[in-house]
Every structure is written in structure tokens, then in C-alpha cells.
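Read the structure below first, then the notes.
The values are calculated or read from the model by the stated rules, or taken from the named source; none is laboratory data. Not measured: the values here are computed from a predicted model. Glycine also receives a Cβ, built like all others from the backbone with ideal geometry; neighbour counts cover every protein chain displayed.
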Amino acid sequence: MCVTCGCESTAQHGHGPEHHHDHDHDHPHEHGVAGARGFGVLRAATTRTVSVEQDLLAKNNRYAAENRGRFAAEGVLALNLVSSPGSGKTTLLVRTLEALRGRRPVAVIEGDQQTRLDADRIAATGAPVVQLNTGKGCHLDAHQVGHALGELAAPTGGVLFIENVGNLVCPAAFDLGEAHKVVFLSVTEGDDKPLKYPDMFRAAALCLVTKSDLLPYVPFDAERAIANARSVNPALECLVLSVTSGAGLDAWLAWLEREIAARAPAGAKRAADLGQGLHA
């Protein structure tokens, strides 16, 4: 149970209607209200809630560190894709998997509260995918991701995409062991969203402004949105793209290749360096 938002954080590993693993995660929480005893009760309950939240995040961070060590050892670029619902994460992910087919190893962990509809879309590309259904939970945590990793072959020299539950609040606080969070901002949303949800944009390394083909039809200022995002996180990289028109997709794929190369296993790096030397 997430103490930040009160959500239930029990995930199911979905493999179809005939095969589910339920994993209960011990996330204690307290609900404090001021009652007849007044402010002292509220303060005590608030203090307890903050303490439980700190313990919960510390436990999550230990699992995240284990995941991160595994990714580093295997030469895997792990990306945590985060956004509001309906921002176009799955659509871009499908297009990306198609572009990387035969070029880079890939795998996907798909997070949703219910159904495996998006996992089925991913599977249709030929990419290996594990579905995590969170029930009432509004985010994935590192423990859930660790379980899912046991069902996927490591995409060494490639990318593990973790598509988080659509939510700009709790996923900002939960490290999954990823190299980067990639935050999606659709032009159908407000260009002030980075100011309203600063923690997520502060935690991200890349912001993708999606559905840019709709810009002529919506009151969204892409330059203002990027300026707002960078006012929260000056180091944030930003790309404007559209899956429908294809605009910006080459820049996104180039960003992926750069990040993959930075995490290639040491042996692969030495071979690449040797190859460059032979052709110099």
C-alpha cells in the first residue's frame, strides 16, 4: 500500500487468463485524522505517516539498487517510461520496437492496473513482454520489476523498456533501478503540466512532447511547455515528435543508440574500439 497516495500496490504478473502470479507487497500505511483529542493526534499520525513513507521508499531503493546492478552487469539500458494516461507511450513504444527489430535486443515490462491489452500490442511486434497488473495501485515498484526480470532474457546490448502505470505523481518517487525516467507530455495536455507536476519532470532525463501532428488543432505551445519543463529541470533534454507523421522519431532513435552505447558491456566496448582502430 502506497502511503503517498493510499493506493494498493499488489501486482499480478499477467501471462494470459490461465496463468497469473499474485505477489503481495508489504506496504504498511497509516491514516491520520484530527479527532476529539485535537492537534496532538493529527501531529502524531502525520509523523507516523512520514516515517512509514521513508521506510517504504528505503525498502524500494534497496530493490532498485539490486536491479540497477543487474542491468549494469548485463549491459542493459533500462528506461522507465512515465506519463499521464493517454499520452501515447504504448504507441511510440510499438513504433520503436519495430524500428529496433533486428538491430538491438529489446524486452518490455508493461504496467497497467487491469488487462493485458497493451502487452498484447507489444507482443505483436515480436518483442518479449511481461505484463504487471497493479490492481488499485498507481505505480510499479522495484520489487515488482525484480520479479518480472526473472521471466525475461536480458536484452544485453539493448533496451529494457518499463512502461509504468499512467500517473505523474507516485512513479516520480519510486526508483525501479532504471538508467533514466523518460516523461511523455502530449500536446493534448496543458503546456503548464511541468509546473503542476514538478517532481516527475525533475526526476526525468528526457521529455518527449508527443502527438505533435495535432499542434495546429490544440491550444498547446510546445516552446512554452519545454521552457516550463526546463525551469523545473535545467538539464532536461526535450524532443518533439509524432508517431503519426514520423516527425522527431529519428532524433528519439538516435538518443536511444547513444544511451545504449554508453552501457555496452566492457567486452563489446573493447571490440568496438578495436574495430575503429583497424579502420582508422
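Scanning the stretch 127-175 for residues being of a type in the set (D, E, K, R), under 25 Å from Glu189 (Cα atoms) and in contact with a strand residue (DSSP E or B) (Cβ under 7 Å, 6 or more places away or on another chain) gives a total of 1.
Taking the options Asp191, Asp175, name whichever one is surrounded by 16 or more Cβ atoms within 10 Å (Cβ to Cβ), charged (D, E, K, R), within 23 Å of Arg62 (Cβ to Cβ) and at pLDDT 95 or above.
Details: Asp191 fails: within 23 Å of Arg62 (Cβ to Cβ).
Sole residue among the options that is surrounded by 16 or more Cβ atoms within 10 Å (Cβ to Cβ), charged (D, E, K, R), within 23 Å of Arg62 (Cβ to Cβ) and at pLDDT 95 or above: Asp175.
State all residues of the stretch 144-175 that are farther than 21 Å from Ala127 by Cα and out of contact with any Pro (no Cβ under 8 Å at 6 or more places or on another chain); if no residue qualifies, say none. Once the filter is applied, which keeps residues that are farther than 21 Å from Ala127 by Cα and out of contact with any Pro (no Cβ under 8 Å at 6 or more places or on another chain), the stretch 144-175 yields Leu168, Val169, Cys170, Pro171, Ala172, Ala173, Phe174, Asp175. Among the residues of the stretch 164-182, those that are of a type in the set (A, V, I, L, M) and not in a loop (DSSP other than H, G, I, E, B) comprise Ala172, Val182.
Among the residues of the stretch 200-231, the ones that are part of a loop (DSSP other than H, G, I, E, B), without any contact (Cβ under 8 Å) to a residue 40 or more places away in the chain and not hydrophobic (A, V, I, L, M, F, W, C) come to 2 in all. Listed by first and then second residue, the pairs linking a residue in the stretch 92-111 that is crowded, with 19+ Cβ neighbours inside 10 Å to a residue that is part of a strand (DSSP E or B) and acidic (Asp, Glu), with Cβ atoms under 8 Å apart and 6 or more places separating them unless they lie on different chains, are Leu93/Glu163; Val108/Glu163; Ile109/Glu163; Glu110/Glu163; Gly111/Glu163.
Suppose the filter is assigned to a loop (DSSP other than H, G, I, E, B), on the phi < 0 side of the Ramachandran plot, at pLDDT 95 or above and surrounded by 20 or more Cβ atoms within 10 Å (Cβ to Cβ); does Leu185 pass it? Spelling it out, it is not the case that Leu185 is assigned to a loop (DSSP other than H, G, I, E, B), on the phi < 0 side of the Ramachandran plot, at pLDDT 95 or above and surrounded by 20 or more Cβ atoms within 10 Å (Cβ to Cβ). If only residues of the stretch 55-75 that are surrounded by fewer than 23 Cβ atoms within 10 Å (Cβ to Cβ) and aliphatic (A, V, I, L, M) are counted, the one that is farthest from the chain's Cα centre (by Cα) is Ala73.
Quick grid of which residues meet (1) among the polar types (S, T, N, Q); (2) farther than 19 Å from Ala65 by Cα; (3) surrounded by fewer than 24 Cβ atoms within 10 Å (Cβ to Cβ):
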| position | (1), (2), (3) |
| --- | --- |
| Val129 | no, yes, no |
| Asn133 | yes, yes, yes |
| Lys136 | no, yes, yes |
| Leu140 | no, no, no |
| His147 | no, no, yes |
| Leu152 | no, no, yes |
| Thr156 | yes, no, yes |
| Asn164 | yes, no, no |
| Val169 | no, yes, yes |
